[in-house]
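The values are calculated or read from the model by the stated rules, or taken from the named source; none is laboratory data. For clarity, every value in this text was computed on a predicted model and none was experimentally measured. Cβ sites come from the backbone with ideal geometry, for glycine too, and all protein chains shown count toward neighbours. The protein model used for the area step is the full one, side chains on, heavy atoms only, and it has no ligands, DNA or RNA in it. Shrake-Rupley method; radii C 1.70, N 1.55, O 1.52, S 1.80 Å.
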Amino acid sequence: MDTKVVALANQKGGVGKTTTAINFSACLAEKQKKILLVDLDPQANATSGLGLEKGFGSSIFPALLGEVDGQSLIKETGIKNLDIIPSEIDLAGAEIAIARRDDYLHRLKEAMDPIIESGVYDFIVMDCPPSLGILFMNALNIADEVIIPLQCEYLALEGLGVMVDIVNQIRDAGNPKLHISGILMTMYNVNTNLSQQVVQEVVKHFSDRVFETLIPRNVRLSEAPSYGKPIIEYDRHCVGSAAYRNLAKEFLKREKEHEAEGETEELPTLSSVLPVDLSADGTAEPVTE
Ligand code: ATP
Ligand code: MG
């Protein structure tokens, strides 16, 4: 299988991009997929959330400038099948540093192409910063697909139209393989009607593009990063672990269907908006095959 590049993106802050980048990557790795997580956010939360020190002095920045090749920046995370290109705060200067170059929207392509072409990884997962800036555009220019996490809150859809437009523009302007593989509903609160209403609203607009897996609000998911661990290492039996395992499973199933059906076919219809059976005591039943 070729290496597939997946961007986790939403210009809205705090919607669960990084939590998903870490835990989705770890769950794919658990399924024996070889994963490279690329932290494209100067906040470096994916980096620290996987136990690497922030300010380690390493990010994709020098590869964006063409000073080093991307491969030399790959670090091990200590988790089997999961490597990372970390980030640090200095990456905040990258947009200004590359903005004057003619190819400023394709610097990440130059940095990452040798890694993609090497075929070492099944998936490259990119954690994008909360903006529609140059790094985000660079990410979309190399992505095969975008996963958009949406928080189950009022105004979840706000700003989404702009992002969908940009994805379409980048696809039409030279990255024809780019598509939105899924919208992921995060921080679903089982105790409120609001979460369910928001999911229904999003499904109304995006139907089968919405992942059937819902990510519940789960305190263990917010604790895990401070221990530098993905949820499946921090608490492998909690509801957050079950949800991200389900997401990895659903994602891989959709990948297979996408490959079999070709680019023009629609994804399968959403059969239920509540695939993870979230009972009142907070336990979750995994989605059955
Ligand atoms: P930013 O836009 O700043 O990069 P983000 O979209 O990457 O944010 P996260 O950092 O993943 O969002 O999440 C924001 C906050 O919400 C974090 O404190 C995180 O621990 C918490 N959080 C994310 N998902 C969940 C969840 N399912 N349950 C509980 N807390 C969560
Ligand atoms: Mg983040």
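ARG101 fails exactly one of the following numbered conditions: (1) open to solvent by less than 40 Å² (accessible area, probe 1.4 Å); (2) over 19 Å from the mean Cα position of the chain (by Cα). What is the number of that condition?
(1)
Would you mind telling me which numbered condition in (1) crowded, with 20+ Cβ neighbours inside 10 Å; (2) among the β-branched types (Val, Ile, Thr); (3) touching a Lys or Arg at 6+ places or on another chain (Cβ under 9 Å) VAL190 fails?
All conditions pass for VAL190, except number (1).
When the residues of region 44-66 are filtered to those that are part of a loop (DSSP other than H, G, I, E, B) and open to solvent by 40 Å² or more (accessible area, probe 1.4 Å), which remaining residue is nearest to ligand 1 (Cβ to nearest atom)?
Residue satisfying both the conditions and the ranking: LYS54.
Can you tell me how many residues within region 130-155 are open to solvent by 10 Å² or more (accessible area, probe 1.4 Å), within 13 Å of ligand 1 (Cβ to nearest atom) and of a type outside the set (A, V, I, L, M)?
5
Of all the residues that make up region 1-43, how many are part of a loop (DSSP other than H, G, I, E, B), within 13 Å of ligand 2 (Cβ to nearest atom) and under 21 Å from GLY70 (Cβ atoms)?
Counting residues in region 1-43 that are part of a loop (DSSP other than H, G, I, E, B), within 13 Å of ligand 2 (Cβ to nearest atom) and under 21 Å from GLY70 (Cβ atoms) gives 5.
If LYS12 satisfies every condition in (1) within 14 Å of ligand 1 (Cβ to nearest atom); (2) among the charged types (D, E, K, R); (3) open to solvent by 10 Å² or more (accessible area, probe 1.4 Å); (4) under 19 Å from THR77 (Cα atoms) but one, which is the exception?
(4)
Pairs, please: C-beta under 6 Å, at least 6 apart or cross-chain, first residue closer than 17 Å to GLY51 by Cβ and in region 5-33, second among the polar types (S, T, N, Q) and in a loop (DSSP other than H, G, I, E, B)?
ALA29/ASN81
I need a count of the residues in region 200-248 that are closer than 11 Å to THR186 by Cα, among the polar types (S, T, N, Q) and within 16 Å of ligand 2 (Cβ to nearest atom).
Final tally of qualifying residues: 0.
Can you go through GLY93, GLY78 and tell me which one is out of contact with any strand residue (DSSP E or B) (no Cβ under 7 Å at 6 or more places or on another chain), outside any loop (DSSP other than H, G, I, E, B) and open to solvent by 50 Å² or more (accessible area, probe 1.4 Å)?
The conditions single out GLY78.
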